[in-house]
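Have a look at the structure below before the remarks.
The values are calculated or read from the model by the stated rules, or taken from the named source; none is laboratory data. Note that the structure is predicted; figures quoted are calculated from it, not measured. Heads up, the Cβs are rebuilt from the backbone with ideal geometry, glycines too, and the neighbour counts pull from every protein chain shown.
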Amino acid sequence: MDIVFLFRVQVSTRTNLQKLFEGFVLDLNEAIKNNHYYVSGIIHDLRNPISCLQSFFELLESQLPANALKPDMQQMMHSCKKSSENVVVMVSNILDYSKMQNGNLEVNNKPEKLFGIIKNCVDLHHTKAIQKGIKIFVHLNPHRIPKRVFLDGVRITQILNNLLSNAIKFTERGGVSIWVKWIPKKGSE
């Protein structure tokens with residue numbers, strides 16, 4: 001009899017623990033969901049002031065005469081403008097993450113100038129590389145790469161900026177290289 005009673009206690013305790021755990025998991029999922037909505041709301045509210053900063057830098061850059069700033073200050077102004085554009089993109093990416101969790105993320109593939117994307121990313125990180133005493137090298141053959149490539153420019157920019165930022169951060173001396181090679185699909189050359 002003692003064995004049967006002990007067995008019932010174990011089963012009963014296991015069942016109660018399982019119900020307790022399931023309740024805990026449900027509560028945790030609800031808390032994560034609520035936190036996600038809260039963070040998404042804050043990020044959404046940040047988009048407007050950040051967009052204003054972006055517009056300010058664009059206006060300032062367009063209104064200043066070409067010789068009003070020394071070349072290094074022009075580079076800094078351009079970097080500020082590009083950085084503000086990237087912050088707007090990052091805010092949008094965080095909101096896109098929310099869409100992705102809900103299964104609503106759309107990839108916006110369209111013809112883009114790959115050279116322009118690479119140049120903007122390199123320009124953005126140029127000052128930081130100089131401060132660290134390293135160089136950024138871009139290796140590509142412009143005759144072998146199409147002028148326009150069908151891709152999501154925002155996503156490619158984000159990826160390249162992350163790669164460059166990390167490469168510069170973790171490179172102590174020498175340089176950082178970007179290699180671009182076009183490999184067309186078979187039969188589409």
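Values computed for the structure shown
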{"item": "Some residue of the stretch 157-165 being at pLDDT 90 or above, surrounded by fewer than 11 Cβ atoms within 10 Å (Cβ to Cβ) and in the same structural domain as ASN120 (by TED's automatic domain parsing)", "result": "no"}
{"item": "Residue among ILE183, ILE130 that is surrounded by 11 or more Cβ atoms within 10 Å (Cβ to Cβ), without any contact (Cβ under 8 Å) to a residue 12 or more places away in the chain and more than 22 Å from VAL89 (Cβ to Cβ)", "result": "ILE130"}
{"item": "Selected residue (only one of ILE130, ILE183 is within 19 Å of CYS80 (Cα to Cα) and of a type outside the set (Lys, Arg))", "result": "ILE130"}
{"item": "Condition broken by ALA68, with the remaining ones in (1) surrounded by 15 or more Cβ atoms within 10 Å (Cβ to Cβ); (2) in a loop (DSSP other than H, G, I, E, B) satisfied", "result": "(1)"}
{"item": "Tally of residues being under 19 Å from the mean Cα position of the chain (by Cα), outside any helix (DSSP H, G or I) and at pLDDT below 90 across the stretch 103-145", "result": "6"}
{"item": "Candidates LEU160, LEU105, filtered to the one that is aliphatic (A, V, I, L, M), free of Cβ contacts under 8 Å to residues at least 12 places away in the same chain and touching a helix residue (DSSP H, G or I) at 6+ places or on another chain (Cβ under 6 Å)", "result": "LEU105"}
{"item": "Qualifying residues in the stretch 149-189 (those that are in a loop (DSSP other than H, G, I, E, B) and within 22 Å of the chain's Cα centre (by Cα)) - the one farthest from LYS128 (Cα to Cα)", "result": "ASP152"}
{"item": "Hits in the stretch 88-126 (condition: surrounded by fewer than 17 Cβ atoms within 10 Å (Cβ to Cβ) and acidic (Asp, Glu))", "result": "GLU106, ASP123"}
